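Q: My questions will all concern the structure given below.
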Amino acid sequence: MEQSANTIKLLLKELGRRLFRPFPSFTFWSFLIRGIVIFGGLAIWIECLKCLVADHPSSEGIRLALLTYYPAVGCVAGQQIAIYEESRNYLREFGNNSSIAFMGFCAISFYLQRKYPVSILTFSIFLSFCAIGLAWIAVGLDKPFNEPNPEVAVGGNIDAPLAGDDGGFEL
């Protein structure tokens, strides 16, 4: 009889690897801060600025911006994990379930925001951080962030003569 793998343990190990591997990459940090937080959250920053300069500030615009930000970032990150993963079903299911969870939280939050505006605002901020974390996990191992160490030697002595001959080839 064949024994099944403990996929929860495998999932946690993979999530940990994806969480810690991009830490030393400047390109990754630049992408995360500029691409996801600043440009991705542009509507949030505009609403915060509007709230600062308004005579009668309201959190409704910020709440709406957050309620559209975290599902967009979280669902895309979840789908990226699910689509890019070809062989590990547990990782694909994690991505799909993450997307469904963000969409579900968004629907529930939209429904409850009139009754509990401060709680939904706080919950949306928390879910925005969760979505950024999922995006971190989704893109952390991508090829552009796998930067080689420039201090590692690659190749031989550049002053040494080349081995072999030209085989009589002339230009």
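Q: Return the residues of region 40-62 that are within 21 Å of residue 132 (Cβ to Cβ) and surrounded by fewer than 20 Cβ atoms within 10 Å (Cβ to Cβ); say none if nothing qualifies.
A: Narrowing region 40-62 to residues within 21 Å of residue 132 (Cβ to Cβ): 40-49, 59, 61-62.
Once the filter is applied, which keeps residues that are within 21 Å of residue 132 (Cβ to Cβ) and surrounded by fewer than 20 Cβ atoms within 10 Å (Cβ to Cβ), region 40-62 yields 40, 42, 43, 45, 46, 48, 49, 59, 61.
Q: Here is a further query. Looking at residue 114 and the list (1) loosely packed, with under 13 Cβ neighbours inside 10 Å; (2) modelled with pLDDT of 95 or more, which single condition is not satisfied?
A: Result: residue 114 passes all but (2).
Q: Which of the residues that make up region 50-66 are in a helix (DSSP H, G or I) and within 23 Å of residue 107 (Cα to Cα)?
A: 60, 61, 62, 63, 64, 65, 66
Q: Which is farther than 30 Å from residue 113 by Cα and either surrounded by 15 or more Cβ atoms within 10 Å (Cβ to Cβ) or touching a Pro at 6+ places or on another chain (Cβ under 8 Å) (or both), of 67, 91?
A: The conditions single out 91.
Q: Residue 69 versus (1) part of a helix (DSSP H, G or I); (2) within 19 Å of residue 139 (Cα to Cα); (3) without any contact (Cβ under 8 Å) to a residue 60 or more places away in the chain; (4) not acidic (Asp, Glu): which is the lone unmet condition?
A: Result: residue 69 fails condition (3) only.
Q: Taking region 82-102 as the region of interest, how many residues are in a loop (DSSP other than H, G, I, E, B) and touching a residue at least 60 places away in the same chain (Cβ under 8 Å)? Before the answer, list the steps.
A: From region 82-102, those in a loop (DSSP other than H, G, I, E, B) are 85-88; that's our starting set.
When the remaining residues are screened for being touching a residue at least 60 places away in the same chain (Cβ under 8 Å), the result is 88.
Count: 1.
Q: State yes or no: is residue 41 within 13 Å of the chain's Cα centre (by Cα) and of a type in the set (Gly, Ala, Ser)?
A: no
Q: For region 104-140, name all the residues that are of a type in the set (A, V, I, L, M, F, W, C) and either under 30 Å from residue 5 (Cα atoms) or not in a helix (DSSP H, G or I) (or both).
A: 130, 131, 132, 134, 135, 136, 137, 138, 139
Q: Of the residues that make up region 125-136, is at least one among the β-branched types (Val, Ile, Thr), surrounded by 20 or more Cβ atoms within 10 Å (Cβ to Cβ) and either in contact with a Leu (Cβ under 7 Å, 6 or more places away or on another chain) or free of Cβ contacts under 8 Å to residues at least 24 places away in the same chain (or both)?
A: No; the residues of region 125-136 include none that is among the β-branched types (Val, Ile, Thr), surrounded by 20 or more Cβ atoms within 10 Å (Cβ to Cβ) and either in contact with a Leu (Cβ under 7 Å, 6 or more places away or on another chain) or free of Cβ contacts under 8 Å to residues at least 24 places away in the same chain (or both).
Q: If you don't mind, another one. Give the number of residues within region 137-166 that are of a type outside the set (Val, Ile, Thr), over 12 Å from residue 25 (Cα atoms) and either at pLDDT below 75 or surrounded by fewer than 17 Cβ atoms within 10 Å (Cβ to Cβ) (or both).
A: Step one: of region 137-166, the residues of a type outside the set (Val, Ile, Thr) are 138, 140-151, 153, 155-157, 159-166.
Add one more test, that the residue is over 12 Å from residue 25 (Cα atoms), and what stays is 138, 150-151, 153, 155-157, 159-166.
Filter once more, so that each one left must be either at pLDDT below 75 or surrounded by fewer than 17 Cβ atoms within 10 Å (Cβ to Cβ) (or both): 150-151, 153, 155-157, 159-166.
Residues flagged as of a type outside the set (Val, Ile, Thr), over 12 Å from residue 25 (Cα atoms) and either at pLDDT below 75 or surrounded by fewer than 17 Cβ atoms within 10 Å (Cβ to Cβ) (or both) within region 137-166 amount to 14.
Every residue, every condition in (1) at pLDDT below 90; (2) among the small types (Gly, Ala, Ser); (3) within 22 Å of residue 121 (Cα to Cα); (4) assigned to a helix (DSSP H, G or I), yes or no:
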position	(1), (2), (3), (4)
16	no, yes, no, yes
19	no, no, no, yes
24	yes, no, no, no
48	no, no, yes, yes
75	no, no, yes, yes
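The values are calculated or read from the model by the stated rules, or taken from the named source; none is laboratory data. Treat the numbers as computed from the prediction; the structure is a model and nothing was measured. Neighbour counts are summed over all protein chains in view; Cβ atoms, including those assigned to glycine, are modelled from backbone coordinates with ideal geometry.
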